[in-house]
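Take a look at the structure set out below.
The values are calculated or read from the model by the stated rules, or taken from the named source; none is laboratory data. Owing to the predicted nature of the structure, the values given are computational and were not obtained by experimental measurement. Glycine gets a Cβ as well: all are built from the backbone with ideal geometry, and neighbour counts include every protein chain shown. Heavy atoms of the whole protein, side chains included, go into the accessibility calculation; ligands, DNA and RNA do not. Shrake-Rupley method; radii C 1.70, N 1.55, O 1.52, S 1.80 Å.
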Amino acid sequence: MRLTTAHKQALYDDGLVRLPGIVPSELVNAALRAINGSLGSEGIHPDELVTFRSRSYTPELQTSPAITDLLHRSPLWEVAESAIGEGAIAPVNAGQIALRFPAAGTPHDPHAHIDGMYSPHNGVPKGTIANFTALVGVFLSDVPTSYAGNFTVWPGSHRQYESYFREHGPDSLLNGMPEVEVAEPEQVTARAGDAVLAHYQLGHGIAGNASPHIRYAIFFRLSHVDHQSVRWECMTDIWREWAGMREVVANAPAT
């Protein structure tokens with residue numbers, strides 16, 4: 001499976017493309033079985049919750065086939081290569097296991113962020129930006145309504161942040177999220193087995209979970225094989241690492 005021109009146009013315009021039903025149910029079920037088995041046998045110590053929210057739940061499973069097969073044994077890798085370039089993605093050996101539990105009270109509204117910014121619990125060293133090329137999210141449970149722990153995006157914000165970093169420099173992100181006017185947030189609804197491919201620089205967040213269900217998702221962070229040598233330039237030239245997007249980018253109206 002490869003991205004169509006329509007897919008690529010959505011990726012260019014909105015910063016992400018939705019991929020319904022792309023992950024086979026047997027891979028989804030294997031991941032769920034492993035995660036729930038770990039939760040049932042190991043539990044979660046309250047002192048670890050803040051770190052698990054920022055990094056990954058059941059961290060001992062991050063490199064296991066139950067998790068990595070979602071990317072490598074489904075069409076997702078081929079889809080990502082059709083956008084970034086065949087053979088152009090560095091090996092990905094782990095996924096973030098992202099659970100969002102139901103919470104009492106009024107669910108919180110999501111707040112936009114860009115990955116790779118320092119926080120006390122996410123493992124990113126202070127004074128650095130751990131940027132990458134693309135984010136792949138795989139949904140392991142149905143998210144049929146808003147405020148169900150939804151992955152939330154601000155469509156088009158990747159291009160607005162590009163403009164901001166051209167003016168203020170990529171390292172301005174060290175001072176916090178850019179203060180730019182972005183579109184209204186969109187809470188992504190999904191079925192188990194759906195996935196999204198998003199540009200690294202797309203503003204995104206997580207909505208509160210007022211549903212009765214745990215939201216299960218896995219996120220993979222993809223980097224171009226040459227990313228380290230151009231990592232800052234990519235924040236002001238956001239399609240630099242996306243060989244498969246060149247035709248769409250070339251045909252885009254000037255801004």
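Values as computed for the structure displayed
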item	result
Heavy-atom accessible area per residue - the chain, 1.4 Å, Å²	47 Å²
Net charge dipole size for the chain [Lys, Arg +1 and Asp, Glu -1 on Cβ; Debye, nearest 20]	340 debye
Distance (nanometres) between label positions extended 7 Å along Cα→Cβ at HIS72 and ALA250	3.5 nm
Sequence-distant residues sharing a close amide H with VAL225 (under 5 Å, placed H)	ILE89, ALA90
Amide H contacts under 5 Å for VAL143, placed H, 5+ residues apart	ALA190, ARG191, ALA192
Listed residue (THR5, VAL50, ASN251) projecting farthest to the positive dipole end of the chain, Cβ model	VAL50
Rounded to whole Hz, the Karplus (6.51, -1.76, 1.60) HN-Hα couplings of the stretch 96-111, x for glycine and proline	8, 8, 10, 10, 10, 8, x, 10, 6, x, 5, x, 6, 6, x, 10
Lys/Arg +1, Asp/Glu -1 at C-beta; the stretch 116-255 dipole; positive extreme among THR236, HIS199, ILE218	ILE218
HN-Hα J in Hz across the stretch 193-203 - Karplus 6.51, -1.76, 1.60, θ = phi - 60°, x for Gly and Pro	x, 6, 8, 10, 10, 10, 5, 3, 8, 6, x
Phi to ³J(HN,Hα) by Karplus 6.51 cos²θ - 1.76 cosθ + 1.60 over the stretch 171-177, Hz, x for Gly, Pro	6, 5, 5, 5, 8, x, 4
Length-normalised contact order of the chain in % [C-alpha pairs under 8 Å, at least 6 apart]	31 percent
Residue order for HIS45, HIS121, HIS158, HIS7 - accessible surface, 1.4 angstrom probe, largest first	HIS45, HIS121, HIS7, HIS158
Computed magnitude of the charge dipole of the stretch 68-132 (debye, nearest 20; Cβ of K, R +1, Cβ of D, E -1)	300 debye
Placed amide H near GLY15: partners under 5 Å, 5+ positions off or other chain	GLY156
The stretch 194-255, dipole about Cα centre (Lys/Arg Cβ +1, Asp/Glu Cβ -1), debye to the nearest 20	200 debye
Linear extension gain, GLU60 paired with GLU42, 0.36 nm per residue minus alpha-carbon span	5.4 nm
With every protein chain in place, the stretch 94-224: carbon and sulfur % of accessible area (1.4 Å)	50 percent
Within the stretch 30-64, backbone nitrogen closer than 15 Å to the virtual label 7 Å beyond the Cα of HIS111 toward Cβ	54
